[in-house]
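Shown next, in structure tokens, is the structure this report addresses.
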Amino acid sequence: MVRKRRTEILINGSKEIAGRLAEEIAGKYEVAAIEEPGNGLVMVKVRETAKRSLFYLGEVFISECKVMINRCVGVGMVKGHEPELAYHLAVVDAAYNADLAETKAWTEVLLLEEERIGRQREALKSKILKTKVNFETMDA
Amino acid sequence: MGYVAVKGGTLAIEESIKRLKYERLKKGTVLECARIEGGMRALIDQVMSEGSLYSETLAAIAIKQAEGSPEEAVFLLKAYRSTLPRKHYSCTVESTDMFVERRISASFKNIPGGQILGAAHDYTLRLIDFALQDETDEGAVRWLNRFESEKSGIDVQGADLDNLPKVLDVLRNEGLLLPCGDNDREPDDVTKESVQFPTSRSQRLQILTGGQTGAVTSLGYAALRSFGALHPTVGELRVGNLPIYVGSLLGEGQAEEDYYYIGDIKVTEAETIFPVTVQKENGRKEIEFGIGYGMCYGQNETKAIAMSILDRCLESGDAGYPVYDEEFVLLHINSVESTGFISHLKLPHYVTFRSELDSVRKTRKGKGTVGEDEGERP
């Protein structure tokens, strides 16, 4: 599974999944810490819609971690102070980058979680759409 | 007159800081940060927006420490931000990717995707709800459970809240707005280089979005009421979550599939429409539409709309009013700068004031000045 999709699932889904996958790898392989989990900033670049130009909206507080497995680097980063999740994301990233056999079995787990997130999102949409205005034309 | 170095006051300052803590705690109750985060959403959004730093948790701690003073909380947030490394720049965020929770237009009744009111104070009676005095955690949980279990009965098919079309595209499709392609020039960054005038558009928008809410609103109101007498129409106001991605750091290229997702941020976006009279080559006057743009962290609707008004004023830069003057607007809306400069007046000005005092006494010499010996002598 590509990184964009799997990081969306691991961050929006249950944190337990990232923890479980990372523990599976840490129990079998040597995980070397390149950069311990720490805090930093990501500057957000936005395209405004009046002239379609770019500007900086501000920064987002993040946690980031870097690890190495089988000489392959993995990066974990997430909004907020989440050092444990950043570490787990880094291990999962390194496992994919090192093409470890375990990652093949993860697809099913991730897809199931993606479905669960999707259902939650649909329920949220449904709630929000209750506030959609239904205009009725009044008789003169 | 020479300067005289003095010292003292250390103990008084230590006691003053202790006294400040006493004022925060004197009722014997402690406000938990999680409760601030849960119940002070608007204040957190304001502090994050003026602090140009997105973190509800940090904003909640700052608000607690500042006893609810937004200017002090923003100061704390900005000071902490300056200690952190900027690790990355995000991939370009497009507001069409927003998961919309609220979206209204004052320009068109029927807009693609519909008018979605979401959560807003606009439709409430502004009467104090005294029942809130007796609100409990248990009651809140019961209310939440009831709310969650309410059947919506809404078919979400075809209402794609994370891909709603923009209202302005209606005008663009009719040729009433000039078509405009993407301008990919890298933005300037006011946190890296000091501002020189005239500014670039990216500098103006970065300063406006981090501006003090009250200042941005007041200047926007001034432009609206009489100093320029603009009357824009809100083309679209959106509140929702934007996904943030960072490009790959591992030298794999910048394919979208290799992006790192780091989470969502809640923002407000305002697009306001201004009628503009333009003279064509044949001398004929035509009315076209100009757009003002505003976006800020959190749900800050008044600020986002006011920002869009000021954006439009500064883009046109004429009319002879202060709100069209970028130096006037941009140098006076920063919370830390404006409150800091006003606050500096509380610092000792003994020498300066002594000099003024001497001048006043000289001008009054011989006129029977009262209290000459009562003046302060530091």
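Could you tell me which numbered condition residue B:142 fails, if it satisfies all but one of (1) in the same structural domain as residue B:248 (by TED's automatic domain parsing); (2) outside any loop (DSSP other than H, G, I, E, B); (3) at pLDDT 90 or above?
In the conditions (1) in the same structural domain as residue B:248 (by TED's automatic domain parsing); (2) outside any loop (DSSP other than H, G, I, E, B); (3) at pLDDT 90 or above, residue B:142 misses (1) alone.
For region A:93-125, how many residues are over 24 Å from residue B:261 (Cβ atoms) and either facing chain B (nearest Cβ under 8 Å) or within 15 Å of the chain's Cα centre (by Cα) (or both)?
Within region A:93-125, residues that are over 24 Å from residue B:261 (Cβ atoms) and either facing chain B (nearest Cβ under 8 Å) or within 15 Å of the chain's Cα centre (by Cα) (or both) number 0.
Scan region B:84-116 residue by residue and report those that are surrounded by fewer than 17 Cβ atoms within 10 Å (Cβ to Cβ), of a type in the set (A, V, I, L, M) and within 10 Å of chain A (Cβ to nearest Cβ).
B:84
Can you pull out the residues in region A:45-56 that are assigned to a strand (DSSP E or B) and either among the basic types (Lys, Arg) or more than 7 Å from chain B (Cβ to nearest Cβ) (or both)?
A:45, A:47
If we keep just the residues of region B:152-163 that are at pLDDT below 80 and facing chain A (nearest Cβ under 9 Å), which is farthest from residue B:269 (Cα to Cα)?
Applying the filter and picking the extreme gives B:153.
How many residues does region B:270-294 hold that are crowded, with 21+ Cβ neighbours inside 10 Å and either away from chain A (no Cβ under 11 Å) or in contact with a helix residue (DSSP H, G or I) (Cβ under 6 Å, 6 or more places away or on another chain) (or both)?
Result for region B:270-294: 6.
So for region B:247-266 (the condition being touching a residue at least 12 places away in the same chain (Cβ under 8 Å) and within 26 Å of residue B:172 (Cα to Cα)), does at least one residue qualify?
For region B:247-266, residues touching a residue at least 12 places away in the same chain (Cβ under 8 Å) and within 26 Å of residue B:172 (Cα to Cα): absent.
Going by what's in this entry, would residue B:308 be described as hydroxyl-bearing (Ser, Thr, Tyr), part of a loop (DSSP other than H, G, I, E, B) and either buried (at least 21 other Cβ atoms within 10 Å of the Cβ) or outside the structural domain of residue B:42 (by TED's automatic domain parsing) (or both)?
no
Within region A:51-64, can one find any residue that is surrounded by fewer than 20 Cβ atoms within 10 Å (Cβ to Cβ) and touching an Asp or Glu at 6+ places or on another chain (Cβ under 6 Å)? Full working, then the answer.
So in region A:51-64, the residues surrounded by fewer than 20 Cβ atoms within 10 Å (Cβ to Cβ) come out as A:51-52.
Checking which are touching an Asp or Glu at 6+ places or on another chain (Cβ under 6 Å) leaves us with A:52.
Looking through region A:51-64, at least one residue is surrounded by fewer than 20 Cβ atoms within 10 Å (Cβ to Cβ) and touching an Asp or Glu at 6+ places or on another chain (Cβ under 6 Å).
Select from region B:169-214 the residues that are small (Gly, Ala, Ser) and in contact (Cβ under 8 Å) with a residue 60 or more places away in the chain and write down the one among them that is farthest from residue B:338 (Cα to Cα). If you could, list the steps in order and put the result at the bottom.
First, the residues of region B:169-214 that are small (Gly, Ala, Ser): B:175, B:181, B:194, B:200, B:202, B:210-211, B:214.
Of the ones still in play, those that are also in contact (Cβ under 8 Å) with a residue 60 or more places away in the chain are B:210-211.
On the way: B:210: 13, B:211: 10 Å.
The selected residue is B:210.
For region B:334-345, indicate whether the set of residues that are assigned to a loop (DSSP other than H, G, I, E, B) and either free of Cβ contacts under 8 Å to residues at least 60 places away in the same chain or over 25 Å from residue B:220 (Cα atoms) (or both) is non-empty.
no
If you check every pair at least six apart or on different chains, which have Cβ atoms under 9 Å apart with a residue in region A:99-117 that is closer than 14 Å to residue A:2 by Cα first and a residue that is of a type in the set (S, T, N, Q) and assigned to a helix (DSSP H, G or I) second?
Filtered contacts from region A:99-117: A:114/A:12.
I need the helices (runs of 4 or more DSSP H) fully contained in region B:1-114, keeping only those with at least 3 residues that are modelled with pLDDT under 95. First the steps, then the outcome.
Details: elements: B:10-25, B:33-39, B:41-51, B:56-65, B:70-81.
So the answer is B:10-25.
Looking at B:178, B:224, B:164, can you tell me which residue is in contact with a helix residue (DSSP H, G or I) (Cβ under 9 Å, 6 or more places away or on another chain) and either within 28 Å of residue B:328 (Cα to Cα) or among the β-branched types (Val, Ile, Thr) (or both)? Please lay out each step first, then the result.
On the way: B:178 fails: either within 28 Å of residue B:328 (Cα to Cα) or among the β-branched types (Val, Ile, Thr) (or both); B:164 fails: either within 28 Å of residue B:328 (Cα to Cα) or among the β-branched types (Val, Ile, Thr) (or both).
Selected residue: B:224, the only one of B:178, B:224, B:164 that is in contact with a helix residue (DSSP H, G or I) (Cβ under 9 Å, 6 or more places away or on another chain) and either within 28 Å of residue B:328 (Cα to Cα) or among the β-branched types (Val, Ile, Thr) (or both).
Residues of region B:338-372 being at pLDDT 90 or above and either among the β-branched types (Val, Ile, Thr) or assigned by TED's automatic domain parsing to the domain that holds residue B:307 (or both), which ones?
Within region B:338-372, B:339, B:342, B:360 meet the criteria.
Yes or no: residue B:169 assigned by TED's automatic domain parsing to the domain that holds residue B:210 and touching a strand residue (DSSP E or B) at 6+ places or on another chain (Cβ under 9 Å)?
No, not satisfied.
Mind listing whichever residues of region B:89-139 are more than 24 Å from residue B:296 (Cβ to Cβ), assigned by TED's automatic domain parsing to the domain that holds residue B:270 and without any contact (Cβ under 8 Å) to a residue 24 or more places away in the chain?
Result: B:109, B:110.
What about residue A:42, is it surrounded by fewer than 21 Cβ atoms within 10 Å (Cβ to Cβ), at pLDDT 95 or above, in a strand (DSSP E or B) and aliphatic (A, V, I, L, M)?
No.
Within region B:245-269, track down each residue that is part of a strand (DSSP E or B), out of contact with any Asp or Glu (no Cβ under 7 Å at 6 or more places or on another chain) and within 10 Å of chain A (Cβ to nearest Cβ).
Filtering region B:245-269 down to residues part of a strand (DSSP E or B) leaves B:245-246, B:260-269.
Then keep just the ones that are out of contact with any Asp or Glu (no Cβ under 7 Å at 6 or more places or on another chain); that gives B:245-246, B:260, B:262-267, B:269.
Across region B:245-269, the qualifying residues are B:245, B:246, B:260, B:262, B:263, B:264, B:265, B:267, B:269.
Among the residues in region A:19-39, are any facing chain B (nearest Cβ under 7 Å), part of a strand (DSSP E or B), touching a Ser or Thr at 6+ places or on another chain (Cβ under 8 Å) and in contact (Cβ under 8 Å) with a residue 12 or more places away in the chain?
First, the residues of region A:19-39 that are facing chain B (nearest Cβ under 7 Å): A:39.
Cutting the leftovers down to part of a strand (DSSP E or B) gives us A:39.
Filter again for touching a Ser or Thr at 6+ places or on another chain (Cβ under 8 Å), leaving A:39.
If we keep only those that are in contact (Cβ under 8 Å) with a residue 12 or more places away in the chain as well, we get A:39.
Scanning region A:19-39, I find at least one residue that is facing chain B (nearest Cβ under 7 Å), part of a strand (DSSP E or B), touching a Ser or Thr at 6+ places or on another chain (Cβ under 8 Å) and in contact (Cβ under 8 Å) with a residue 12 or more places away in the chain, so the answer is yes.
The values are calculated or read from the model by the stated rules, or taken from the named source; none is laboratory data. Here the structure is a predicted model, which is why all the values come from computation and not from measurement. So basically every Cβ, Gly included, is an ideal-geometry build from the backbone, and we count neighbours across all protein chains shown.
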